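I have placed the structure first, in the form of structure tokens, so that the comments after it can refer back to it.
The values are calculated or read from the model by the stated rules, or taken from the named source; none is laboratory data. Treat the numbers as computed from the prediction; the structure is a model and nothing was measured. Positions of Cβ are backbone-derived with ideal geometry, glycine not excepted, and every protein chain shown enters the neighbour counts. Ligands, DNA and RNA are excluded from the accessible area calculation, which covers all protein heavy atoms including side chains. Shrake-Rupley method; radii C 1.70, N 1.55, O 1.52, S 1.80 Å.
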Amino acid sequence: QTCNQHNAEAPILERAFFRMAQTEPNLDHDVSWFLLPPNWAKMLVGLISLLCFVNSYDGDFVFDDSEAIINNKDLRAETPLGDLWHHDFWGSKLSSNTSHKSYRPLTVLTFRINYLFAGGFHPVGFHVINIILHCAISMLMVDVFSILLGGLQFSNKGRRLNLAPKTSLLAALLFAVHPVHTECVAGIVGRADLLCALFFLLSFLGYCKAFREHKEGHHFSLFWVLVSVLLGAVAMLCKEQGITILGLNAVFDALVINKLNVLEFVQKLLHKEKSLENSGLLRKGLLFRVTLLLSGGASILYIRWRIMGTGPPAFTEVDNPASFAESPLVRAINYNYYYSLNAWLLLCPWWLCFDWSMGCIPLIKSVSDWRIIALAALWFCLIGLICQALCSEDSHKRRILTLGLGFLIIPFLPASNLFFRVGFVVAERAIYLPSIGYCILFTYGFSLLSKKAKKKKILAAAVLGILLLNVMRSALRSSQWRSEEQLFRSALSVCPLNAKVHYNVGKNLADKGNQTAAIKYYREAVRLNPKYVHAMNNLGNILKERNELQEAEELLSLAVQIQPDFAAAWMNLGIVQNSLRRFEEAEQSYWTAIKHRKKYPDCYYNLGRLYADLNRHIDALNAWRNATVLKPEHSLAWNNMIILLDNTGNLAQAEAVGREALELIPNDHSLMFSLANVLGKSQKYKESEALFLKAIKANPNAASYHGNLAVLYHRWGNLDLAKKHYEVSLKLDPMAPGTKENYSLLRRKLEQLQKKGE
């Protein structure tokens, strides 16, 4: 649908629009830079953005990828697609008290498609999509910057003209190679920011399409305005920041389409001048379009709020310490300091870190703190830019500076703590969209310097040098995101006070079996943050495995004292108490863990082990059965049931449980082994032999498998095969319990048979 203004006004609007293109200064005029055809410019930007981040294509799942992808049940085929619309980004129910309320169903849907086509959790496909998305966004930026820097003008055939080909190419290159984007591109979780940015830009370009010139005069297309609102909604369903495009479209409409002088308009509004009627707001339909944008945005936010629930997300003090400060002044100072750090990352993206929480940035508690200078510098620059954007007599300057500040500030608002508490201090991913504003301001500054500079080529070479440095920094940072070890260690020099950095380095070392080094980093994490319960839990686990039970108990007891609903710490405390033979306390700890986490199969498994130690066999079997109901693939629980029933002489029941387990986990060699033992005792030798051989094929170096198969053959009378497997078992484990004695008995029997034969 097309909304036309009165025909009598059309010539006036045509002349105004033509004049904007003709009389405004051209940014490219004094800039010494490459001039390429639009398609070539886009290809160049795409190739250079690919060069920056292509080395992350074969990276692992790192950091938050584990929770958002590997542990997220919403990616699996068995989860109904409808659940995506009721779950948060991490797979938790939005109604849950522990949900972060990050509602990004379209992003999760793309992860699910990745998982489906890859046939499992293979990170290459996930990384490739991220790289392609960033390249596509960077190429779109050529069009976006040509509008923001050169204005919106169409040819007689309705094709949009690029009035700033040089500066739009430079700004797009700056965006494409900025190192701060590495987290979004190389970290798979950054898919949310990339998809959001893609639809954010498409919404903006769609809004621009509403203002084509036709023979009948300047008009706007209601269809494209509504499409823009719809694309803004899609952007928000990828990540929350997407909704801000509707506000930016309104700003663009006022400044570019209506050429509104904001200061003059405010002055007239304050003085209630009648000339407001002639300001073009009503004549050009701005109020109508802004009303559409606002009502669309309000409707989208209302629907999201209803789906999300009225409760705000629950964050802890370590996530965002400034937001928990009692003094409003301390909160305000620290929020502004965080803004200055974000600005610094845009200006000098050299010190990058995967996580800026947990003491990485200590709170400013006094005005005597030297870091106050950063706040002063930030606001000095912002106020200077705002004054120029409002008061400059150059309308072209006013427009570009206002658009630059708008794209810098408005997309950042959801991460600013102004409207609600966020779960981070500084997040590099949160400035993916605001970097558009930075690129506008940088490019405009370069054009102003070029205008005054005598040696323009030297200035252009300096900018080219900045681009090359950013390319190298992006490639280096991208390689650091390829593995958790590199990523976590790279953060030690940037945020040495960050307890989470030390915790993650320790966890990575522990996963690789280097417990001694892991203990060192866990201890440092606890020293930096004495309330870091996850570090205490992991350190307690390692100490438990090293039989340092006393210190392990102290750490785990402190962890549950600090966080009474920490189910994993309660379970681990129960394991330590069980090892210390304090059975009643251990049982109580296990039940406390289950109280805080109803579906906790590992805890039921450990509770079953406790009951087995106390000869409470029925309770043990019930606990293990609960574990297998909650987690049907819980091999250890199935095995313990089979072994307990076998040891207590319930062979028929043990056989039934073993067969049930193998139906659920058909390739588990330990279950084959346990069931084979039961069948052998029940004199079902042929079936027992088949299971033993299958288990050995799956795990040929298990001495006990060969030893027990030898016992089966011994009983069965296949003495030569028994001798062969006894010898294999002893070769694999010379100290195998019982095998030496059985082998000696077999040899004596064979000698006796040989003597009789003689």
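Considering (1) open to solvent by 50 Å² or more (accessible area, probe 1.4 Å); (2) under 30 Å from H396 (Cα atoms); (3) out of contact with any helix residue (DSSP H, G or I) (no Cβ under 8 Å at 6 or more places or on another chain); (4) free of Cβ contacts under 8 Å to residues at least 24 places away in the same chain, the lone condition that P496 does not fulfil carries the number (2).
Restricting attention to segment 67-100, and to residues there that are buried (at least 21 other Cβ atoms within 10 Å of the Cβ) and within 14 Å of the chain's Cα centre (by Cα), which single residue is farthest from E484 (Cα to Cα)? Out of the qualifying residues, it is D88.
Exactly one residue among N742, N701 is in contact (Cβ under 8 Å) with a residue 24 or more places away in the chain and either surrounded by fewer than 16 Cβ atoms within 10 Å (Cβ to Cβ) or charged (D, E, K, R) (or both), and that residue is N701. With respect to being closer than 19 Å to A722 by Cβ, open to solvent by less than 30 Å² (accessible area, probe 1.4 Å) and assigned to a helix (DSSP H, G or I), F692 fits the description. Only one of the numbered conditions (1) more than 23 Å from E585 (Cβ to Cβ); (2) in a loop (DSSP other than H, G, I, E, B) is violated by K598, and that is (1). Has segment 147-155 got any residue that is open to solvent by 20 Å² or more (accessible area, probe 1.4 Å), at pLDDT below 95 and assigned to a helix (DSSP H, G or I)? No, because not a single residue in segment 147-155 is open to solvent by 20 Å² or more (accessible area, probe 1.4 Å), at pLDDT below 95 and assigned to a helix (DSSP H, G or I).
Would you check which residues across segment 362-411 are of a type in the set (S, T, Y), part of a loop (DSSP other than H, G, I, E, B) and open to solvent by 30 Å² or more (accessible area, probe 1.4 Å) and list them? Correct list: S366, S368. What do you reckon, is I300 more than 24 Å from L390 (Cβ to Cβ) and at pLDDT below 90? Answer is no for this residue. Condition first: closer than 21 Å to I129 by Cα and modelled with pLDDT of 90 or more. Can you find one or more residues in segment 90-98 that meet it? Within segment 90-98, none of the residues are closer than 21 Å to I129 by Cα and modelled with pLDDT of 90 or more. If you go through segment 576-605 and keep only what is open to solvent by 20 Å² or more (accessible area, probe 1.4 Å) and polar (S, T, N, Q), you end up with N578, S579, Q588, T592.
Of the residues making up segment 517-568, those that are closer than 19 Å to T316 by Cβ, outside any helix (DSSP H, G or I) and not charged (D, E, K, R) are N529, P530, Y532, Q563, P564, F566. Within segment 513-542, the residues that satisfy the criterion of being more than 18 Å from A559 (Cα to Cα) and in contact (Cβ under 8 Å) with a residue 24 or more places away in the chain are Q515, A518. Looking for something surrounded by fewer than 23 Cβ atoms within 10 Å (Cβ to Cβ), assigned to a helix (DSSP H, G or I) and free of Cβ contacts under 8 Å to residues at least 40 places away in the same chain - is there at least one such residue anywhere in segment 215-223? No; the residues of segment 215-223 include none that is surrounded by fewer than 23 Cβ atoms within 10 Å (Cβ to Cβ), assigned to a helix (DSSP H, G or I) and free of Cβ contacts under 8 Å to residues at least 40 places away in the same chain. For segment 319-334, name all the residues that are open to solvent by 30 Å² or more (accessible area, probe 1.4 Å) and of a type outside the set (A, V, I, L, M, F, W, C). Hits for segment 319-334 are D319, E326, S327, P328, R331.
Cβ-Cβ distances below 6 Å connect the following pairs, each with a first residue in segment 105-121 that is over 21 Å from K93 (Cβ atoms), a second residue that is assigned to a helix (DSSP H, G or I) and open to solvent by 40 Å² or more (accessible area, probe 1.4 Å), and a separation of six or more residues or different chains: F121/I70. Check segment 175-183 and report whether any residue there is in contact with a strand residue (DSSP E or B) (Cβ under 8 Å, 6 or more places away or on another chain) and of a type outside the set (S, T, Y). There is no residue in segment 175-183 that is in contact with a strand residue (DSSP E or B) (Cβ under 8 Å, 6 or more places away or on another chain) and of a type outside the set (S, T, Y).
Restricting attention to segment 33-62 and to residues that are touching a Leu at 6+ places or on another chain (Cβ under 7 Å), open to solvent by less than 40 Å² (accessible area, probe 1.4 Å) and not in a helix (DSSP H, G or I), the residue that is nearest to S138 (Cα to Cα) turns out to be W33. The residue list N470, N417 contains one member that is within 22 Å of A343 (Cβ to Cβ) and part of a helix (DSSP H, G or I), which is N470.
For segment 451-473, check the following and say yes or no: at least one residue is open to solvent by 10 Å² or more (accessible area, probe 1.4 Å), touching a His at 6+ places or on another chain (Cβ under 7 Å) and not aromatic (F, W, Y). Yes, the conditions are met somewhere in segment 451-473. Return yes when Y726 is open to solvent by less than 30 Å² (accessible area, probe 1.4 Å) and modelled with pLDDT under 95 and no when it is not. For Y726, the condition - open to solvent by less than 30 Å² (accessible area, probe 1.4 Å) and modelled with pLDDT under 95 - is met. Every listed requirement among (1) within 29 Å of P349 (Cβ to Cβ); (2) out of contact with any Gly (no Cβ under 7 Å at 6 or more places or on another chain) is met by G158 save one, (1).
Assessment of segment 107-122 against the conditions (open to solvent by 40 Å² or more (accessible area, probe 1.4 Å) and over 20 Å from the mean Cα position of the chain (by Cα)) yields at least one matching residue.
If a residue must be assigned to a loop (DSSP other than H, G, I, E, B) and open to solvent by 60 Å² or more (accessible area, probe 1.4 Å), how many such residues does segment 335-360 contain?
Residues that pass the stated criteria total 2.
Each residue in segment 420-437 was checked for being in contact (Cβ under 8 Å) with a residue 40 or more places away in the chain and in a helix (DSSP H, G or I), and 6 pass.
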